[in-house]
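First up is the structure itself, then whatever we jot down about it.
The values are calculated or read from the model by the stated rules, or taken from the named source; none is laboratory data. Remember, it's a predicted structure, so these values are computed and weren't measured experimentally. Cβ coordinates were reconstructed from backbone atoms using ideal geometry, including for glycine residues, and neighbour counts include every protein chain displayed. Please note that ligands, DNA and RNA were not included when accessible areas were found on the heavy atoms of the full protein model with its side chains. Shrake-Rupley method; radii C 1.70, N 1.55, O 1.52, S 1.80 Å.
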Amino acid sequence: MIVQAPEKKDFQGIHIVGILDKRFDISIRDGKFQAVKEVTDRPVKEAGEGDGAVTLSEASEWNEAETGEGLWMSPGLIDLHTHLAWTDFDHADQLKREPQEIEAMQAQAFEATLRAGITTARDAGGLAQPTADHILRHYGLPLRVITSNGMFGASDARGIEHLKVRMNEVFASGAGWIKIMATGGLGAPTEKVLEPNFSEQEFAFIVKYAHDHGKKVLVHSWGGVTIDWSIQAGVASVEHGMFLTADQAGRMAAAGVAYVPTASIYRIAADPKGVLALPPLISDRAARAAEAHPRAVEYARREGVLIGFGTDYATPALHGSNLMELDTLREYGLSWEEAWQSATSNAARILDAERQLGAVAEGLLADAVVFRQDPFQAESTRHIQDNIAMVITAREGSLV
Ligand SMILES: [Zn+2]
């Protein structure tokens with residue numbers, strides 16, 4: 001169930017995910033957490049003890065005040081790397097579809113993402129802000145979406161004047177971010193994938209011009225020299241980075257450049273029988289990326305790089321499975337707490353929105369997910385998702 005901008009909602013004795021052995025009384029007013037108070041002066045019932053826990057059918061008939069016993073609240077989760085406007089792995093396939101069909105598929109992507117507990121998404125390319133606003137209004141889907149619109153890649157390596165024109169167009173669309181495709185990806189031969197798409201001068205210009213216009217920069221880079229350029233230029237986040245070195249990780253941490261590994265998508269792409277069913281040439285490249293990824297995540301973790309949660313999911317088969325990324329991050333060495341932080345407090349910091357998002361705390365926007373079980377005790381992320389009782393989103397929220 002998705003509850004949009006509750007005027008008034010109270011939970012009594014609810015847990016907050018990641019905080020053991022404490023319960024809280026939480027009041028939401030006008031889309032914000034008005035009060036978050038630890039329960040200290042009355043005994044609280046355990047889940048399953050009598051009538052304490054709210055069942056789904058009860059939850060769907062919500063009143064103003066509700067018991068929170070047996071329930072767990074998390075700040076709404078943040079996916080820092082989605083592609084909500086893409087309907088097909090190959091863009092040529094999308095162009096064969098009717099506009100109405102594309103819009104309906106995009107709305108489905110918004111809804112599936114919300115139902116997975118993601119309340120904020122940074123779209124990493126392909127979605128224009130007016131389209132996001134239209135879907136929000138027309139379909140009533142209160143996903144908070146921050147866009148970067150057109151991506152800057154090899155075809156834009158045509159000098160500073162060209163970049164200026166293109167970037168001005170992206171700014172005018174309402175994008176809050178600029179996305180640089182600094183290296184190749186699955187489309188590039190393995191021996192060439194780390195080669196820069198831009199000259200160092202062009203790269204530095206894009207970042208500076210974005211910053212001069214109040215925009216933040218995310219950089220698709222599999223590794224190599226473009227990670228050094230990203231650190232020097234002070235971008236907000238490096239995406240994928242599976243060939244990151246330990247030395248680069250140390251410098252990223254020192255410079256405050258975050259890392260969004262998008263780790264699970266490469267494992268999915270590496271499986272020729274998986275939902276993407278890619279040709280062997282491509283799935284082989286994905287397999288090599290997936291092989292390198294655990295080391296990059298380990299370096300980042302060890303050196304203290306801010307790690308953010310991003311899925312890079314871009315097709316109907318994947319939207320809504322966002323929590324699978326948590327499984328991969330944990331397999332690559334993050335604890336439950338670290339993996340959860342990557343999608344909450346860390347992600348809010350990367351968006352420069354920690355005063356609005358990323359925690360269940362007084363004064364913050366009431367974006368929240370309520371679970372019927374402690375997610376950290378779940379056997380799998382599938383199980384976590386099945387135990388979502390409701391997703392709450394705040395009414396306000398134009399974060400750009
Ligand atoms: Zn992407």
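A few points about this structure:
- Only one of ARG166, ARG122 that is at pLDDT 95 or above, charged (D, E, K, R) and open to solvent by less than 10 Å² (accessible area, probe 1.4 Å): ARG122
- Residue among ALA85, ALA104, ALA59 that alone is surrounded by 12 or more Cβ atoms within 10 Å (Cβ to Cβ), away from the ligand (no atom under 16 Å from the Cβ) and either at positive phi or modelled with pLDDT of 90 or more (or both): ALA104
- Of all the numbered requirements in (1) of a type outside the set (Lys, Arg); (2) away from the ligand (no atom under 16 Å from the Cβ); (3) in a loop (DSSP other than H, G, I, E, B), GLN341 misses one, and that requirement is (3).
- Listed conditions (1) modelled with pLDDT of 95 or more; (2) on the phi > 0 side of the Ramachandran plot; (3) open to solvent by 10 Å² or more (accessible area, probe 1.4 Å) are all met by GLY117, apart from (3).
- Taken over the range 1-17, the criterion of being modelled with pLDDT under 95 and in a loop (DSSP other than H, G, I, E, B) is satisfied by MET1, ALA5, PRO6, GLU7.
- Qualifying residue in the range 347-357 (condition: farther than 17 Å from VAL305 by Cβ and among the basic types (Lys, Arg)): yes
- Residue among THR311, THR315, THR328 that is open to solvent by less than 10 Å² (accessible area, probe 1.4 Å), closer than 25 Å to GLN106 by Cα and touching a residue at least 24 places away in the same chain (Cβ under 8 Å): THR311
- Subset of the range 157-214 (residues that are within 25 Å of the chain's Cα centre (by Cα) and of a type in the set (Lys, Arg)): LYS179, LYS208
- Evaluation of PHE309 against the conditions (1) within 15 Å of the ligand (Cβ to nearest atom); (2) more than 12 Å from the chain's Cα centre (by Cα) shows that the sole unmet condition is (2).
- Any chance ASP133 is charged (D, E, K, R) and either within 16 Å of the ligand (Cβ to nearest atom) or buried (at least 18 other Cβ atoms within 10 Å of the Cβ) (or both): no
- In the range 182-200, the residue that is farthest from PHE110 (Cα to Cα) out of those that are free of Cβ contacts under 8 Å to residues at least 40 places away in the same chain and buried (at least 18 other Cβ atoms within 10 Å of the Cβ) is PRO196.
- Under the condition of being open to solvent by 30 Å² or more (accessible area, probe 1.4 Å) and either within 16 Å of the ligand (Cβ to nearest atom) or in a helix (DSSP H, G or I) (or both), the residues counted in the range 286-306 number 10.
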